[in-house]
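This report refers to the structure that appears directly beneath it.
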2 protein chains.
Amino acid sequence: MKKVSLLAPGPTPVPPRTLLAMAQPLIHHRSADFQEVIGQVRAGLKKIYQTANEVLVFCSSGTGAMESAVSNLLSPGDKAVAIRGGKFGERWSLLLEAYGCQPVNVDVPWGQAVDPGQVEALLKADPTIKAVYVQALETSTGVDHPIQALAQVTKNTGAVLVVDAVSALGAYSIPTDQWGLDVVISGSQKALMMPPGLAFASIGPKAMELMKKSTLPKFYFSWAKELKNQTENKGAFTSPVTLFMGLLDIFKLIDEVGLETIFAETAVRSQAFKAAVAAWGLELYSKQRPSTALTAVQCPAGIDGQKVVKWLKEKYAIYIAGGQDQAKGKIFRVAHMGYINEFDTLQAISAIEMALKGLGHAFEMGSGVAAAQKIFGEA
Amino acid sequence: MKKVSLLAPGPTPVPPRTLLAMAQPLIHHRSADFQEVIGQVRAGLKKIYQTANEVLVFCSSGTGAMESAVSNLLSPGDKAVAIRGGKFGERWSLLLEAYGCQPVNVDVPWGQAVDPGQVEALLKADPTIKAVYVQALETSTGVDHPIQALAQVTKNTGAVLVVDAVSALGAYSIPTDQWGLDVVISGSQKALMMPPGLAFASIGPKAMELMKKSTLPKFYFSWAKELKNQTENKGAFTSPVTLFMGLLDIFKLIDEVGLETIFAETAVRSQAFKAAVAAWGLELYSKQRPSTALTAVQCPAGIDGQKVVKWLKEKYAIYIAGGQDQAKGKIFRVAHMGYINEFDTLQAISAIEMALKGLGHAFEMGSGVAAAQKIFGEA
């Protein structure tokens, strides 16, 4: 009998109580009861976003909300910076192209973080640039881009800063208002411990102004339509009722535990896992600003990262992630966010040790487990 | 204690077994197990669509899939017919405008069905028209448009026929291939007995050709991207895992019961409800081609339809729907599709009798119940 264990960077495990909250008979999506639910979900989102800005909810994957941050802010031909330091950075560039905008690509070697000075120089050289699109955490490389510093850069320009925090929000602190982030995108299936299906976008005052000038086509993802409805605790279209019920339960859970505790526990799991990586004599793929939400491990020479992933999946039903595109085969990635505890992390470490040993890496079996236990014991 | 009863035209009640199927621990969205799920869901969709065409699944409300049928088929400035005989017909026109296309609006009085001859004349007069957008069932008026006849009209022209069957598919037979429907849109939360969150689009050969010429911007709703992925039983973006698990269970349930049985039972509930309406001395709002999926009732003079809806909701926690826009206050609507049986319909009839009596309509209490029972007894 194989117990499935999800330790990939999304979807993460959903708490059983939340699954049962979603299994209750449906209520009607146009009712006072459901308006109350939307209102509470909106309040929960503002809390986790640490913002007074409006946070819109869409029924889509995170990509849908990313698209909304292009189609609602820009007009045909507009220039915008896309920070390309991984697969999701590339998505910004593809989205801009799909909408007939001009991406100004900042290519960052995978595993590294963008240099805010480079973005500053670009914006100074070309004041017609309307926006800067970046990831908080580039999930494909495990790198956190310096979004606070980027916000300092965009603050004094005409450009808005749009942050994809799909895999970051809820894993570590992203103080939207304190850092002055104009737009922050997120999704339900990562640190928010929900099934995939909901995506979010916070919209600050500078972005609201840009939105008014945007002429790109939009309908389902129209911010104007959803602002009009969601500020009255309604959905412009039929709301995904069960997913809202689940998210409401998640916010209750987060309130019970406390955001700071969640951030701290995630960081300890990350620290413990990274200690195990060092004990195996391996290096992080993330050469700069490695995230606490997940760890990307550089495979030793001669070991295919995809084989590590496959080993865990086929022998133990443990799901971690491999590398994507140019990192494929070179790395494996393990998440530390969401509804997991130290023993889930130890399980992953233990399973990876057995895989690495089986695939021929020379190291002391149990060394990663011991290094991680030491961190957990001291935490 | 109020038992909630959903008898509005969506979301409809979800079978408890399906709710529990969605409450199982998540499996990974990029796994062989989940590919198997996508494959079975795709097969189930083709069966209910009665088609060999590809049927794509999107995580969105039905409107998202409607939008995809504009953005993937047309180019800026293209002309397309929008049949406006209700709120959802108007949505086609709004979508076309949002994308910078030219809607050729065919305005049909609410409660009536479009005349295919009128569409034929338009297409003959202007061969540059690229598409005809229509509802199978215009949910706001309870009218079924004659989509088989419309397909006969478009067949010999360059225009594709795009049918919004969000509230029709699964309630009565829509033989996509036999009728030659180029694109059929649907959603999860009506006759398919699922929570809202999934939308579908079938794409026939003529639509595939038009798609290749389309230059409107699209990304999340890109048919090309999803065709590439879904034909390999993958999702282009993160699939809403729990909703797929639910839909898989629904297709098992439909297989157990049989599509023909579901259509027949829905039709009997419709017939019984319409007999009750006649017994009350009331008329249908749908003057032509009243649907079997739902009934729209014209309120008697002096009785506000919104008050009937409110009465049922507040006194009995029964959700039916009122009128929208120009029909607001004039009608109420009751669904016959989905996971309901004859006693749910009798409950609605009984509750409406009590509301009508309370609001001052003169009729014999129980006459609607008796008329409906007669139909059910004979079925």
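Listing for the model above:
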item	result
Some residue of region A:112-119 being of a type outside the set (Val, Ile, Thr), within 14 Å of chain B (Cβ to nearest Cβ), assigned to a loop (DSSP other than H, G, I, E, B) and free of Cβ contacts under 8 Å to residues at least 40 places away in the same chain	no
Some residue of region A:135-144 being within 14 Å of chain B (Cβ to nearest Cβ) and touching a Cys at 6+ places or on another chain (Cβ under 8 Å)	no
Residue in region B:271-278 that is out of contact with any helix residue (DSSP H, G or I) (no Cβ under 8 Å at 6 or more places or on another chain) and not β-branched (Val, Ile, Thr) present	yes
Test: residue in region A:231-246 that is crowded, with 19+ Cβ neighbours inside 10 Å, aliphatic (A, V, I, L, M) and in contact with a strand residue (DSSP E or B) (Cβ under 9 Å, 6 or more places away or on another chain)	yes
Matching entry among B:Pro205, B:Pro196, B:Pro217 (being within 14 Å of the chain's Cα centre (by Cα), in the same structural domain as B:Met22 (by TED's automatic domain parsing), of a type outside the set (S, T, N, Q) and modelled with pLDDT of 95 or more)	B:Pro196
Those residues of region A:68-88 which are in a helix (DSSP H, G or I), more than 13 Å from A:Ala131 (Cα to Cα) and over 15 Å from the mean Cα position of the chain (by Cα), in sequence order	A:Ser68
Identity of the residue in region A:164-188, away from chain B (no Cβ under 14 Å), surrounded by 24 or more Cβ atoms within 10 Å (Cβ to Cβ) and in a strand (DSSP E or B), that ends up farthest from the chain's Cα centre (by Cα)	A:Val183
Filter result (of a type in the set (Val, Ile, Thr) and more than 17 Å from B:Lys46 (Cβ to Cβ)) within region B:244-270	B:Val257, B:Thr261, B:Thr266, B:Val268
Any pair with Cβ under 6 angstrom, 6 or more apart, that starts in region A:211-236 at a residue that is more than 8 Å from chain B (Cβ to nearest Cβ) and on the phi > 0 side of the Ramachandran plot and ends at one that is hydrophobic (A, V, I, L, M, F, W, C) and crowded, with 20+ Cβ neighbours inside 10 Å	A:Asn233/A:Ile38
Filter pass, B:Lys3 being surrounded by 17 or more Cβ atoms within 10 Å (Cβ to Cβ), of a type in the set (D, E, K, R) and farther than 18 Å from B:Gly187 by Cα	no
Of all residues making up region B:14-36, the number that are within 8 Å of chain A (Cβ to nearest Cβ), under 13 Å from B:Ile250 (Cα atoms), of a type outside the set (Val, Ile, Thr) and buried (at least 18 other Cβ atoms within 10 Å of the Cβ)	2
Any hit, region A:258-279, residues being within 14 Å of chain B (Cβ to nearest Cβ), in a helix (DSSP H, G or I) and in contact (Cβ under 8 Å) with a residue 40 or more places away in the chain	no
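One line per residue, one yes/no per condition, for (1) aliphatic (A, V, I, L, M); (2) assigned to a loop (DSSP other than H, G, I, E, B); (3) assigned by TED's automatic domain parsing to the domain that holds A:Gly44:
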| site | (1), (2), (3) |
| --- | --- |
| A:Glu90 | no, no, yes |
| A:Asn105 | no, no, yes |
| A:Ala121 | yes, no, yes |
| A:Pro127 | no, yes, yes |
| A:Lys130 | no, no, yes |
| A:Val134 | yes, no, yes |
| A:Gln148 | no, no, yes |
| A:Val162 | yes, no, yes |
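The values are calculated or read from the model by the stated rules, or taken from the named source; none is laboratory data. These figures come from a predicted structure and were not determined experimentally. Note that we place each Cβ from the backbone using ideal geometry, even for glycine, and neighbour counts take in every protein chain shown.
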